[in-house]
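Peer 1: First, the structure itself, so that you have it in front of you.
The values are calculated or read from the model by the stated rules, or taken from the named source; none is laboratory data. The structure presented is a predicted model; accordingly, all values stated were derived computationally and were not measured. Neighbour counts run over all protein chains shown; Cβ positions are idealised from the backbone, glycine included. Calculation scope for accessible area: heavy atoms of the full protein, side chains included, ligands and nucleic acids excluded. Shrake-Rupley method; radii C 1.70, N 1.55, O 1.52, S 1.80 Å.
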Amino acid sequence: MLTNSLGRTDRLNWVHPVSQWAGKSEEGPLIFDHAEGLWLTDNHGQQYLDGFAGLWCVNAGYGQKSVVAAAMVQMEKLPYATGYFDFASEAAIRMAEKVAELTPGNLNHVYFSLGGSDAVDSALRFIDYYWTAKGQPERKHILSLEKGYHGSSSTGAGVTGLAPFHAGFSVPTATQHHIPAPGPYRSEDPSDAAVIAASVKALKDRVHALGADKVAAFFAEPVQGSGGVIVQPHGWLKAMREACDELGILFVVDEVITGFGRTGKMFAQEHEDVQADIMTMAKGMTSGYSPMGACVLSDKVFDGIAEGGGSIGHGYTYSGHPVSAAVGLEVIRLYQEGGILANAEKQSPYFMQALKRLEDHPLVGDVRGLGLLAAVEIVADKEAKTPFAADSGISPKLFKEMLGNGLIARCFNDGTIGLAPALTINSNEIDMIVDRIETSLNALTF
Ligand SMILES: Cc1ncc(COP(=O)(O)O)c(C=O)c1O
């Protein structure tokens, strides 16, 4: 039963993102009240260790006072300035400069969005415009990975390769296609070379089947987050970049999760010295303290669009919001000068080492990750790598156990646990995450 009026009001009035609308739980939501570091406290005073940084976004951890101060100063000085009509604010200009400086190679042109979905949506519109400007408007097909997640805008949801984001909506469209990306654990031959070769072949085969001159772009996450934290072997991203060059299509890297230190580097492309033609980002960009994302264009794409001439009819009222820009600048300062990125790099090996302790558990099939982004894949049969069926109830059961043990982590439909703690994590908190997962797994009965 709903125990407080806030919970009842929530059920009456708030349409939650990615939620069940019919038969909402009688328990009401878990209402968070305040937070510090990696620790969330609910409105009953119960504490939780946040192993998921909100929604893989609070990379700097909660309670960063200098970020709050930066937002307050900007709010008092100039709470809003449009970027339309050649207007600007200093904060947005400085944030664009900072993003261009941090992103690889000649990814120099920053279009600000409010989050990841509209960054991807902007990328899709710019890709369309680019090929039209280049005199190849027939290039309409977009490829991406099965189980990839690229947000839930009306077009981007079809680039996403997860069935729950398609069901009931008219996506994927006839120009949106997905190629397999099973990762080493679920590949017949799990060797790096075989996994990479299979992926490159799948991309090339599909592009040739569609007609290479009809394909516009390929989208990829360096680590597939919402699909279950699927980590491809080192060398995969570079091989896909090279395949796109060979095919003459644009290569879009979606770093909405992997950006801003999540994988141990500022951007995951740095692990392989790769540069996308277009890159999307959000989440860690402001550490979730206020909404901001970006679609960053390489010189090639920007120039291609600019040379088409005319005014580009794409814009949002809050593109380059000065308060989010001020927040982003301070968050990035903390990553770089405040030692947060250095801590992520330092803690990443211990994080994986500690999680690997779970590999011996009878329910654990695979432990994988990159930096402070990891998955513990739960299986019904360890030998046969049989996943739990989505209707087995494993996911809500395990999630509830972990919550009861004071741990917040993502639980995918098959029970796979997703972890993305704040980059400020210490080794004691890493041990607590692992211990709480183990206790939760031990409590599961079928
Ligand atoms: C890789 C990726 N792209 C895009 C998005 C969409 O971002 P948002 O939820 O901010 O719209 C997400 C969200 O998790 C994501 O993981």
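Peer 1: Which residue pairs have Cβ atoms closer than 8 Å, lie 6 or more positions apart in sequence or on different chains, and pair a first residue in the range 272-293 that is more than 29 Å from Y129 (Cβ to Cβ) and near the ligand (Cβ under 10 Å from one of its atoms) with a second residue that is assigned to a loop (DSSP other than H, G, I, E, B) and of a type in the set (V, I, T)?
Peer 2: So the pair list comes out as G288/V58.
One line per residue, one yes/no per condition, for (1) within 22 Å of the chain's Cα centre (by Cα); (2) more than 16 Å from the ligand (Cβ to nearest atom):
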{"site": "I93", "(1), (2)": "no, yes"}
{"site": "E97", "(1), (2)": "no, yes"}
{"site": "L102", "(1), (2)": "yes, yes"}
{"site": "V110", "(1), (2)": "yes, yes"}
{"site": "G116", "(1), (2)": "yes, no"}
{"site": "I127", "(1), (2)": "yes, no"}
{"site": "A133", "(1), (2)": "no, yes"}
{"site": "L145", "(1), (2)": "yes, no"}
{"site": "Y149", "(1), (2)": "yes, no"}
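Peer 1: Taking the range 19-49, which residues are open to solvent by less than 60 Å² (accessible area, probe 1.4 Å) and acidic (D, E)?
Peer 2: D42 - this is the single residue of the range 19-49 that is open to solvent by less than 60 Å² (accessible area, probe 1.4 Å) and acidic (D, E).
Peer 1: Identify all residues within the range 370-387 that are touching a Leu at 6+ places or on another chain (Cβ under 9 Å) and surrounded by fewer than 22 Cβ atoms within 10 Å (Cβ to Cβ); write none if there are none.
Peer 2: V379, A380, K382
Peer 1: In the range 200-208, is there at least one residue being hydrophobic (A, V, I, L, M, F, W, C) and closer than 26 Å to I340 by Cα?
Peer 2: Looking through the range 200-208, none of the residues is hydrophobic (A, V, I, L, M, F, W, C) and closer than 26 Å to I340 by Cα.
Condition check ((1) part of a loop (DSSP other than H, G, I, E, B); (2) free of Cβ contacts under 8 Å to residues at least 60 places away in the same chain; (3) within 16 Å of the ligand (Cβ to nearest atom)) across all residues:
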site: H208; (1), (2), (3): no, yes, no
site: A217; (1), (2), (3): no, no, yes
site: C244; (1), (2), (3): no, yes, no
site: L297; (1), (2), (3): no, no, no
site: V301; (1), (2), (3): no, no, no
site: A306; (1), (2), (3): no, yes, no
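Peer 1: Out of contact with any strand residue (DSSP E or B) (no Cβ under 9 Å at 6 or more places or on another chain), among the aliphatic types (A, V, I, L, M) and open to solvent by 20 Å² or more (accessible area, probe 1.4 Å): which single residue out of A326, A390, A344 fits that description?
Peer 2: After applying the criteria, what remains is A390.
Peer 1: Next up: Select from the range 157-206 the residues that are assigned to a helix (DSSP H, G or I), surrounded by fewer than 18 Cβ atoms within 10 Å (Cβ to Cβ) and within 16 Å of the ligand (Cβ to nearest atom) and list them in ascending order.
Peer 2: P164
Peer 1: What helices (runs of 4 or more DSSP H) completely inside the range 44-156 contain at least 2 residues that are within 30 Å of I417 (Cα to Cα)?
Peer 2: Filter on the range 44-156 gives 53-56, 116-133.
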